[in-house]
1. Just tell me which lysines come within less than 20 Å, Cα to Cα, of Lys226; anything on the same chain fewer than 8 places away is out.
2. Which shape class applies to the chain: rounded if a/c is under 1.5, otherwise prolate when a/b exceeds b/c and oblate if not, where a ≥ b ≥ c are the square roots of the Cα gyration tensor eigenvalues?
3. Hey, got the dipole for the stretch 1-133? About the Cα centre, +1 on K and R Cβ, -1 on D and E Cβ, debye to the nearest 20?
4. Run the reach check for Lys88 against lysines, Cα to Cα strictly under 19 Å, same-chain hits fewer than 8 apart removed. What comes back?
5. Please check which bits of the stretch 1-35 a label hung off Gln68 would reach, taking the label as a point 7 Å along Cα-to-C-beta and the cut-off as backbone N under 17 Å.
6. For Tyr149, what is the net charge nearby, where nearby means another residue's Cβ is under 15 Å from its Cβ and Lys, Arg count +1, Asp, Glu -1?
7. Expressed as a whole percentage, what fraction of the accessible surface of the chain belongs to carbon and sulfur atoms when a 1.4 Å probe is rolled over the protein heavy atoms?
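The values are calculated or read from the model by the stated rules, or taken from the named source; none is laboratory data. None of these values were measured; they are calculated from a predicted model. With ideal geometry, Cβ positions are generated from the backbone for all residues, glycine too; neighbour counts draw on all protein chains shown. The accessibility values were calculated without ligands, DNA or RNA, using every heavy atom of the protein model including side chains. Shrake-Rupley method; radii C 1.70, N 1.55, O 1.52, S 1.80 Å.
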Amino acid sequence: MIVCIPSKGRPETKTHLLFEAAGFDVYHFVEPQDVDSYRVTNKVCIEADDMGMTYVRNFMLDWCKNNQINWAWFCDDDITQFGKFDGKTRKTNANELWAVSEKAFQLPFEIVGIGTRAFAWSTKQAVSINSKFVEGCVLINVKNIHWRYREDTKEDRDFCFQGIEQGHGILRFNRVFFDTPVVGTNKGGLHDWYKNNRDSNAAKKLALTWSPWIQLKQKPNRLDVKADISGFAKSCMRKVK
């Protein structure tokens, strides 16, 4: 098991330090134009510039398969901390992800994730099955994935729905969490993508693809979606919790 971090225009990223402090092997997947600026131990050139998140995620899937890596954490490059909630919110490095990984190895789910800090202390359920999206920090059962990330949509959420449709689906550990800056505010990465309002078009395509289980929802500053993940999973005869 390794950690795969796709990164664009953020050579100063510190997320890998959280993982390395917990003993994980971390690989950064960077564009040719950025390779020389990243001073990290393990770099993989993704062979093309400015191809977007879908391209790099599929590149990472293929790279893991070609290198016979069965499990990999796919994580954003702007995670600032990890933590857990056990009656109190506690900051950690990535140590908690080892326990998550060990449990996931024993279960059939292809897509495994953790929550956000706000959700961690407010949820009554320690674990969700096929009822919550996972994104930002996701453990992928690479050997059992036979679908792809798709272009011009909210690729992580679309990938989750494909996982429910074609596999066992999504397992989320709600009381383990990560923190990142507010969506679209951090320079580099997908900043320009959000600035140019491409996320609204992605939301529209996602809703169109998975109607009636996903519907558009207008937020104060952007267009998002509302998903009935549990309803879709039940329609696919999948376990739901």
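1. Straight-distance partners of Lys226: Lys132, Lys154, Lys204, Lys205, Lys217, Lys234, Lys241.
2. Working: a/c = 1.33, a/b = 1.13, b/c = 1.17.
Rounded, because the longest to shortest axis ratio a/c is under 1.5.
3. Here the stretch 1-133 has a charge dipole of around 800 debye.
4. Within the straight-line cut-off, Lys88 pairs with Lys124.
5. From the stretch 1-35, the list is 1-2.
6. -3
7. The computed percentage sits at 49.
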